[in-house]
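The values are calculated or read from the model by the stated rules, or taken from the named source; none is laboratory data. Remember, it's a predicted structure, so these values are computed and weren't measured experimentally. All Cβ positions, even for glycine, are placed from backbone atoms using ideal geometry, and neighbour counts span all protein chains on display. The accessibility values were calculated without ligands, DNA or RNA, using every heavy atom of the protein model including side chains. Shrake-Rupley method; radii C 1.70, N 1.55, O 1.52, S 1.80 Å.
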Protein chains: 2
Amino acid sequence: MQLFHKHKELIYEAAEALLSRNYYSVFQDNPKEYSEEEKEEGLAAFQSKFNTDFSELAAVSEVWIGEEISPYLQTGIGIRYPYIEMEKLIENAKTGWNSWRNVDIEEKAGLLSEALERIKERFFEIGYSTMHTTGQGFLMAFQASGPHACDRALEALTMGFTEIKRFPEQTKWEKWVGNKAIPVRKTWKPIPRGISLVIGCSTFPTWNSMPGIFASLITGNPVIVKPHPKAVLPIAIIVSEIRKVLKESGLRMDTIQLAPDTTANPLAKKLAEHPDVKLIDYTGNTKFGNYIETLPKITFTEKGAINPVIVDSTKDIEALVTNLAFSISLYSRQMCTSPQNIYVPATGIKIKDGFVSYDDFCDRLKMALDELLSAKWGPSTLGCVQNDVTLKGVKDVSKALGKSVSEGEPFKMPDFESARTQSIRVLAVEGGKQEVYQREVFGPMVFVIKSENTTKSVELALRGAEKSGSITCLIYCTDFMLNKEIEEQFNNAFIPVSFNFTGQIFVNQHTAFSDLHGSGNNASGNASFTDSGFITKRFVWIGNRFMV
Amino acid sequence: MQLFHKHKELIYEAAEALLSRNYYSVFQDNPKEYSEEEKEEGLAAFQSKFNTDFSELAAVSEVWIGEEISPYLQTGIGIRYPYIEMEKLIENAKTGWNSWRNVDIEEKAGLLSEALERIKERFFEIGYSTMHTTGQGFLMAFQASGPHACDRALEALTMGFTEIKRFPEQTKWEKWVGNKAIPVRKTWKPIPRGISLVIGCSTFPTWNSMPGIFASLITGNPVIVKPHPKAVLPIAIIVSEIRKVLKESGLRMDTIQLAPDTTANPLAKKLAEHPDVKLIDYTGNTKFGNYIETLPKITFTEKGAINPVIVDSTKDIEALVTNLAFSISLYSRQMCTSPQNIYVPATGIKIKDGFVSYDDFCDRLKMALDELLSAKWGPSTLGCVQNDVTLKGVKDVSKALGKSVSEGEPFKMPDFESARTQSIRVLAVEGGKQEVYQREVFGPMVFVIKSENTTKSVELALRGAEKSGSITCLIYCTDFMLNKEIEEQFNNAFIPVSFNFTGQIFVNQHTAFSDLHGSGNNASGNASFTDSGFITKRFVWIGNRFMV
């Protein structure tokens, strides 16, 4: 219980934050608040791994695999990971489970908090690892994969702790029959469901996987992490740190395992279908996600999405365009929360003293995007495109389908001559051409859609969400009553809405302990970080009764 | 908000009870605590409905249907209910939903509590209705369908209230960027999933349906109740009372509807597959339940089960047999929680000063069953067999498969000459003959299974549970360490265990606010009254953000 006592205050504080939903963050996300040495050491630690076997997992294997390629260098980084056969993974997980399932909830919470503290020591190394696997700019890579992912992990851990503490471990129940009390001792136990498979993605290897990992572990399930073969290192570090703490606590490291695979021999489907796998957390493309959801298991999915922006009216068109340009540029629109479809009325956007025409808006957006990219921090805001398929998908959208506002062009990434980059492509499209924009086009491209009016914009956006899902929706509108209506319509389709974002608050950013991530009930996925269901579906309450 | 203020204290008190899980009951379950007039009026109200149209629902219909038959009288009771076409039901539900979904959670809770208070006024009428549709003895019919069902409904209501109150309606979130705070107003809304279908069963028409009804309503979903065509009246009264309170509050009655059907033209499958139906609560046979679970909807099922009793050792063999005989006799083993398979070691049951042999145990059980039936309250403890199919199922088990300990014979039901009755059949079976007992035989029959030893008994019981599910498990064993082991084995298979029950506490009885009913994760079903998932799966948290 030593580790619980060490982290107790943090856990209870986090539990309160979960309920208040005010701003709360435990892990400092500003790299400048860390020392220069930490940064240098992190970079050195990352670089020292090039072309070596990643042995930190202390996993036994005769086959070592790895195919990560840095989008900045466009060369392989040569790190190899221990490959483990599926049946061996399952067997190991069961052995791990035997040691883990009966550990007290306090001890579990303490141990997982301790792992987060250890992970914190490696934020820079994780940041550089993320940068060179996902293509994110350094700042985002540092923030998303380190502090923000750990805040999300702590959130899941805390929700798990809260849920498992909800019922008493035991009580003496008494029923009066006539004038005699009949006592029964009752106990309540949260029984973990079984092996948990966490399938990672290539763009957010830790942020999207850590909530599921921590939710499954805190509720007593063993975890197998199947990372995307192109983005293994960041999550391999996380898994290693958890394994080390398990070992130090005298528990089986195999309570969590890394299951690397290759593009040629993928493991995800085989693992997902294994009868002993009971829980699946998945982030990735819609097609595979839909398949995952059909399995007779408990699934938590985050799939593709087309996120709309509806522009109706604004008090500050400059601030609107600047905010939007940033949200679009961030990581070259490779976030699940990035806006794709920007609806603008044909009659223009109402401003204080008139209207901004549709064409004017397109020009302003192009200018803001250009300006952003030309700023000192521009290239690193966009970062690299993670892979060629994404780039091809964007290029495949024919110009002829609309009017080109801004071509997507490669741009120079300082320090990295070979970086795979592309500026944001903007295509102006008529609202009637739904076949063009009512599908996900992942990567550096947006559509500015000319719709009859805002009512029509809402209708089109909802149709897109129904078909392809939406994780976010951004509205610019100054009409209070109209906003009420729009809010209700989107909410009833299970889509959260953000209104009139300007300044340093962006629609793509969901902060732990306050914003729910993923609505849990539209075509973009069935899970939400972190509502109680994200936790309670992973275990089953069982009550026993003892005659006393 | 008047109704909330009226019931506020009750709701908060119930919410506390949910967490403490101590004994808590709001509705008095002893008929003697009510006046003699209430009882007489209840009977008269019930009898006055014979051969009439049940108009209380105030539903518009040109077709009136009904096929209920009293198992006591074995004649139809002639009550007819308004039949409504499926598309009309769906349309009505949507209209009801529009008025219901935006009602404040406090108002919803107040209104539903008020409905329970009104239902309480009709406990005797509901009791007699239950008796003459299910065949339960009067006391059980009164308790289960009235007070106990209302306690369960209040439990679901309270869990819903608690869950929806978990997150604040809104908060002013502030993030500090540099030395400037950026404020964002955030709101959290529980969005109901959609039309909720509650499919009832013929044996517990209110007890098994009210939790789902109240869980769906409190979370803002409209409900369509599809009762078993042979047990409509008890739940029709419940639905009517809720509709009346809705009407009085100026809301649409169609927020809840009764959807009666006939054996010849069943509605359940059609309704379940309707795309607008998003939630399904189901109690009934395993085959249909398994089908329900395959639908791409949120389902809450309670299916068949074979509940084991494992007898190893006891301090009081008399008390053991008496308790067991009662559990088996109660409602002629037509409860989902009734024991079916009694495992006894071939070497006998260890008692204080020796052993009770397997044969001796069989004799004692037969004697206890006979004694119970011959007591004054015996026939009404067994009640009637709800239908001929149940009776046939029991009769179809060939004597040749084992050794007959007790034949099932019709017995006299005081005041009801035509009652469909049968005493408990007991068949002694060798443990090796799993094909005989490893399947559900619903109704007045148990197997006493001779197993090598207790380890083998556990193994066989777990195999049965894996195949056909178990909702309860009763262990008689005085060895503390062995009990620990057994508890763990059953719990890990998601089966709750009751130990050494004697006296006035019975394995079949699950009390609201303390015992969870259904484990939620074995072949007997996927839901549990009332864990938080029973509530939270019915709505989705959506968070909106407003720049301020």
Note to self: Just to be sure I understand the curve: with the Debye formula and one point per C-alpha of segment B:1-146, what is log10 I(q)/I(0) at q = 0.15, 0.17, 0.20 Å⁻¹?
What the structure shows: -1.04, -1.17, -1.23
Next item on the list: Be a star and scan segment B:68-88 for residues whose amide nitrogen sits under 17 Å from the point 7 Å along the Cα-to-Cβ vector of residue B:276.
Entry: B:84-88
Notebook entry, point to check: Hey, for residue B:377 with labels 7 Å out along Cα-Cβ, what do the inter-copy distances come to in nm, ordered shortest first?
Noted result: 7.7
Check: Between segment B:470-521 and segment A:501-548, how many Å separate their Cα centres?
Finding: 31
Notebook entry, point to check: Put simply, what bits of segment A:1-43 lose 50 Å² or more of accessible area when the other protein chains are there, versus the chain on its own (1.4 Å probe)?
Noted result: A:19, A:21, A:23
Item checked: DSSP-assigned coil residues among GluC sites (Glu not before Pro) in segment A:9-67, each with at most 12 further Cβ atoms within 10 Å -> A:62
Item checked: Members of segment B:190-217 that become less accessible by 50 Å² or more once partner protein chains are added (1.4 angstrom probe, chain alone as reference) -> B:193
Next item on the list: Report, in whole Å, the centroid distance computed from the Cα atoms of segment B:230-256 and segment A:146-160.
Entry: 45
Notebook entry, point to check: Can you give the average number of partner chain beta-carbon atoms within 10 Å of each beta-carbon in peptide B:497-504, as a whole number?
Noted result: 5
Next item on the list: Could you state the accessible area per residue of segment A:342-445 in Å², with a 1.4 Å probe and every protein chain left in place?
Entry: 51
Item checked: Of all accessible heavy-atom area on chain A, the percent that carbon and sulfur account for (1.4 Å) -> 51
Check: Of A:274, A:19, A:334, whose Cα points farthest to the positive end of the dipole of chain A (charges on the beta-carbon: +1 Lys, Arg; -1 Asp, Glu; origin at the Cα centre)?
Finding: A:274
Notebook entry, point to check: On average, how much area does the Cα convex hull of segment A:300-432 cover when viewed from any direction, in nm²?
Noted result: 9.5
Check: How many angstrom separate the Cα center of segment A:265-313 from the Cα center of segment B:1-78?
Finding: 45
Next item on the list: Can you give me the three principal axis dimensions of segment B:381-501 from its C-alpha atoms, in Å, biggest first?
Entry: 51, 30, 24
Next item on the list: Considering Cα pairs under 8 angstrom that are at least six residues apart, work out the relative contact order of chain A and quote it in whole percent.
Entry: 18
Item checked: In the A-B interface, the accessible area buried, summed over both sides, Å² (probe 1.4 Å) -> 5700
Notebook entry, point to check: Ranked by accessible surface with a 1.4 Å probe, highest first, in what order do A:440, A:125 come?
Noted result: A:440, A:125
Next item on the list: Would you mind listing the distances between the residue B:412 label point and the same position in each other copy? Use 7 Å along Cα-to-C-beta, nm, one decimal, shortest first.
Entry: 10.8
Checklist line | Diffusion coefficient, µm² s⁻¹, Stokes-Einstein with Kirkwood Rh over alpha-carbon pairs of chain B at 25 °C and 0.890 mPa s | finding: 101
Check: Using the heavy atoms of the protein chains alone and a 1.4 angstrom probe, what is the accessible area of segment B:18-137 per residue in square angstrom?
Finding: 44
Check: Which of the residues in segment A:523-548 show a loss of at least 20 Å² in accessible area from their chain by itself to the complete set of protein chains, at a probe of 1.4 Å?
Finding: A:531, A:532, A:536, A:537, A:540, A:541, A:542, A:543, A:544, A:545, A:546, A:547
Check: residue B:482 label points, 7 Å along Cα→Cβ, one per copy: pairwise distances from this copy to the rest in nm, shortest first?
Finding: 7.7
Next item on the list: Normalise the Debye intensity by I(0) for the protein assembly as shown, one equal point scatterer per Cα, no solvent, then take log10 at q = 0.08 Å⁻¹ and round to two decimals.
Entry: -0.87
